[in-house]
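Worksheet for the structure shown next.
Just so you know, all these numbers are worked out from the coordinates, no wet-lab data involved. Just so we're clear, the structure is a prediction, and the values are computed from it rather than from any experiment. In this analysis, Cβ positions are derived from the backbone assuming ideal geometry, glycine residues included, and neighbour counts consider all displayed protein chains.
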Amino acid sequence: MNISDCFPIWNKLNEVQKDRILKSATERTVKKGTVVHNGSADCIGFLLIKSGLLRAYMLSEDGREITLFRLFEMDMCLFSASCMFQDIQFDINIEAEKETEFWIIPADVYKSIMEESIALSNYTNSILSSHFSDVMWLLEQIMWKSMDKRVAEFLLMEVNLEDNMRLEITHEEIAKHLGTAREVITRMLRYFQSEKAIELSRGVVKIIDKKKLQNFAEKGSANKNVRYS
């Protein structure tokens, strides 16, 4: 797979612009857990995902993480070149959730082509709008949904993503995605296990009753004694 196959608006660029991208772009492969971009202190360029999965997250002063959105094959990450966007005043970190291959397009090259190409400018704006929608959806989840619903919904999303009812994920990793403490996640998972919706083992969450988990995601827990924080 070449960069031209992954760049959604490649055919809308002229030959000179395509050549500048091809000559400046570098390809990189990182292992799971690699921090690809470290907030505003890092401006490595625009990332175009060839394969794998990246996670964009924010880090609080006390070290708590929360996932903002994920980046899949053919997605482009703009925040790894945040130095180009003067209006962005918050730090976003990018981490590989799986072994990931991507191209890095230098920020100055991308910016110069964006200033020439209406198609690339519009595409960039659409990506920013999409990420803004992701963040607004997350804010809605935090404000209006109880933790049991969020945990159940997250597990169902992971099942669809991995196409597997056996999820190799720790309580700590789930907590990082949802921006809460590991102990909160442990309580929720143990409750789901007591209700026979899941089975827990070291580093693994196995879904044994998907319908029951979907019910938790929609209606929450009927047990008022379950603590959410």
Discussion item. Checking the cross-link filter: which lysines have an alpha carbon closer than 19 Å to that of Lys98, excluding same-chain neighbours under 8 positions apart?
Written reply: Lys31, Lys32, Lys50, Lys176
Worksheet entry | Amide H partners (placed H, <5 Å) of Ser51, local residues excluded | Glu101
Discussion item. Taking amide H atoms as placed 1.01 Å from N in the peptide plane, list the residues 5 or more away in sequence, or in a different chain, whose amide H sits under 5 Å from that of Ile66.
Written reply: Met58
Worksheet, complete the sentence: Longest principal axis of the chain (C-alpha) makes with the long axis of helix 147-162 (C-alpha) an angle, in degrees to the nearest 10, of 60 degrees
Item to complete: Compute the long axis of helix 210-219 from its Cα atoms, compare it with the longest principal axis of the Cα atoms of the chain, and write down the angle in degrees, 0 to 90, nearest 10.
Response: 90 degrees
Worksheet item: To the nearest 500 deg cm²/dmol, what mean residue ellipticity at 222 nm is calculated for the chain from DSSP H runs of n ≥ 4 alone, each contributing -39,500 (n - 2.57), summed and divided by the residues?
Response: -13500 deg cm²/dmol
Worksheet item: So what are the ³J(HN,Hα) numbers for region 62-71, from phi and the Karplus equation (6.51, -1.76, 1.60; θ = phi - 60°), rounded to whole Hz, Gly and Pro as x?
Response: 8, x, 7, 10, 8, 6, 8, 6, 10, 10
Worksheet item: What number comes out for the charge environment of Ile208, summing +1 per Lys or Arg and -1 per Asp or Glu over other residues with Cβ under 13 Å away?
Response: +3
Worksheet item: Which value, in Å³ per residue, describes the convex hull spanned by the Cα atoms of the chain?
Response: 132 Å³
Discussion item. Using all alpha carbons of region 89-199, what is the percent of pairwise distances in each 5 Å bin, ordered from the shortest bin to the longest?
Written reply: 2, 8, 13, 18, 17, 13, 10, 8, 6, 3, 2, 0
Worksheet entry | Cα long-axis angle, helix 118-144 against the chain (0 to 90 degrees, to the nearest 10) | 20 degrees
Worksheet item: What net charge do the residues around Ser133 carry, taking every other residue with its C-beta under 15 Å from that of Ser133, with Lys and Arg at +1 and Asp and Glu at -1?
Response: -2
Fill in: Ellipsoid semi-axes in whole angstrom, largest first, where each is sqrt(5λ) of the Cα gyration tensor of region 145-219
15, 14, 12
